[in-house]
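S.K.: Have a look at this one before I ask anything.
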Amino acid sequence: SANITVVAPGIADALITTVMGLAVAIPAVIGYNILSSKSRKIMDKCNNFSLELAGIIYKSSLNI
């Protein structure tokens with residue numbers, strides 16, 4: 001039969017491992033979300049610039 005003194009060290013090790021995993025995972029997710037948001041903003045700016053440039057080039061080609 002299982003005794004608390006036998007089971008407790010295993011549970012303590014599992015809890016410590018879980019805490020360490022969360023300590024690594026939570027900042028990683030926050031960092032990923034920040035970088036993903038910044039990347040999305042940069043891509044939107046690039047896309048808008050390319051559309052504006054294409055419009056300018058198209059308009060100038062009509063005037064030739």
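The values are calculated or read from the model by the stated rules, or taken from the named source; none is laboratory data. The model shown is predicted, which means the values in this text are computed figures rather than measured ones. Here Cβ is always computed from backbone atoms with ideal geometry, including for glycine, and neighbour counts include all displayed protein chains. For accessibility, only protein heavy atoms count, side chains too; no ligands or nucleic acids. Shrake-Rupley method; radii C 1.70, N 1.55, O 1.52, S 1.80 Å.
S.K.: With a cap of 14 neighbouring Cβ atoms within 10 Å, and only residues DSSP puts in a loop, list the trypsin sites (Lys or Arg not before Pro) found in the stretch 1-55.
M.R.: Counting only loop positions with at most 14 other Cβ atoms within 10 Å, none of the trypsin sites (Lys or Arg not before Pro) in the stretch 1-55 qualifies.
S.K.: Give me the distance in nm between label points sitting 7 Å out from Cα along the Cα-to-Cβ direction at Tyr58 and Ser37, one decimal.
M.R.: Label-label distance for Tyr58 and Ser37, simple model: 3.3 nm.
S.K.: So how compact is the chain: Cα radius of gyration and Dmax in angstrom?
M.R.: That works out to 27.5, 92 Å for Rg and Dmax.
S.K.: Also, I was wondering about something else. Roughly how many percent of the accessible protein surface of the chain is carbon and sulfur, given a 1.4 Å probe and a whole-percent answer?
M.R.: For the chain, the apolar C and S fraction of the accessible surface comes to 72 percent.
S.K.: Here is a follow-up. Given the whole protein assembly as supplied and a 1.4 Å probe, what does the accessible area of Val6 come to in Å², nearest 10?
M.R.: Roughly 110 Å² of Val6 is accessible to a 1.4 Å probe.
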